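Only the coordinates and a few stated rules stand behind these numbers; no lab work does. The model shown is predicted, which means the values in this text are computed figures rather than measured ones.
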Amino acid sequence: MSKIGLFFGPLKGSVHRVAEKVKAALGKQNVDMISVNDASISDLEKYDLIIFGISTVGKETWDSNYSNTDWSKFFPNISKVDFSGKTVAIFGLGDHITYSSYFVNAIGVLAKDLLKNGANLVGKVDTSGYDFDESEAVIDGKFIGLPIDEDFEPELTDERVSNWVNSIKPAFGI
Ligand SMILES: Cc1cc2nc3c(=O)[nH]c(=O)nc-3n(C[C@H](O)[C@H](O)[C@H](O)COP(=O)(O)O)c2cc1C
């Protein structure tokens, strides 16, 4: 099988930790981990199977001076790549208590750019297991990727990752 490119950022936080769990669940030998900090357009073009890991902290999605520098730099690359023929899934870190009206918004922002550029997005998740007010990540009644809350629901992460990875495995040829 061809390898999955797991593009994630930032380094050394919750996204990174969950990315390692996603990789382990898919089988380490099936996945290349690529920090978005070091990634270029040609890295994206190399993979037909892609997973993105992102957190919602950036100024694109939340009115704050804090900017997630790794993704801020990388984000414009998404709209420069033709994703047709590529299978893509997204997981996103967020906080459903403090940011209940903006819960994992970055998943939705990223997904919309990917869909515009032809990606076959897989790995939708039912909203029923989550408590939140609003989220740009909900498209047609479902989360368009996997939300994870390491701030307030870390005890649910392993099961959420495991269920989600099992649901996307066939689309990734595993
Ligand atoms: C300044 C700031 C803004 C945030 N904004 C949001 C938000 O709008 N929506 C959300 O779901 N989580 C938000 N969060 C929570 C983060 O997404 C969460 O803590 C995440 O686990 C961070 O992962 P990272 O350390 O890998 O970047 C915010 C956190 C910070 C520090």
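Amide H contacts of ALA89: ILE50, ILE51, PHE52, VAL122, each under 5 Å away and 5 or more positions distant or on a separate chain (H built 1.01 Å from N in the peptide plane; Pro and chain starts excluded). Applied to region 51-56, the Karplus parametrisation 6.51 cos²θ - 1.76 cosθ + 1.60 on θ = phi - 60° returns per-residue 3J(HN,Hα) values of 10, 10, x, 9, 10, 9 Hz, with x for Gly and Pro. Karplus-derived 3J(HN,Hα) values for region 100-108, using 6.51 cos²θ - 1.76 cosθ + 1.60 with θ = phi - 60°, are 4, 8, 9, 4, 6, 3, 4, 4, x Hz; glycine and proline are entered as x.
Cα-Cα over 20 Å: which of LYS116/LYS142; LYS23/LYS73; LYS23/LYS142; LYS12/LYS73? Walk me through the numbers on the way to the answer.
Values: LYS116/LYS142 18 Å; LYS23/LYS73 24 Å; LYS23/LYS142 24 Å; LYS12/LYS73 17 Å.
The answer is LYS23/LYS73; LYS23/LYS142.
For the chain, the fraction of C-alpha pairs farther apart than 29 angstrom is 10 percent. Relative to the current alpha-carbon distance between ASP140 and LYS12, full extension at 0.36 nm per residue lengthens the span by 42.8 nm.
Residues whose amide H falls under 5 Å from that of ILE139, counting only those 5 or more places apart or on a different chain, are ILE144, with hydrogens built in the peptide plane.
If I stretch the segment between LYS3 and SER128 completely, what's the gain in nm (0.36 nm per residue apart, minus their alpha carbon distance), one decimal?
Details: separation 125, 0.36 × 125 = 45.00 nm, distance 3.19 nm.
Additional length available on full extension: 41.8 nm.
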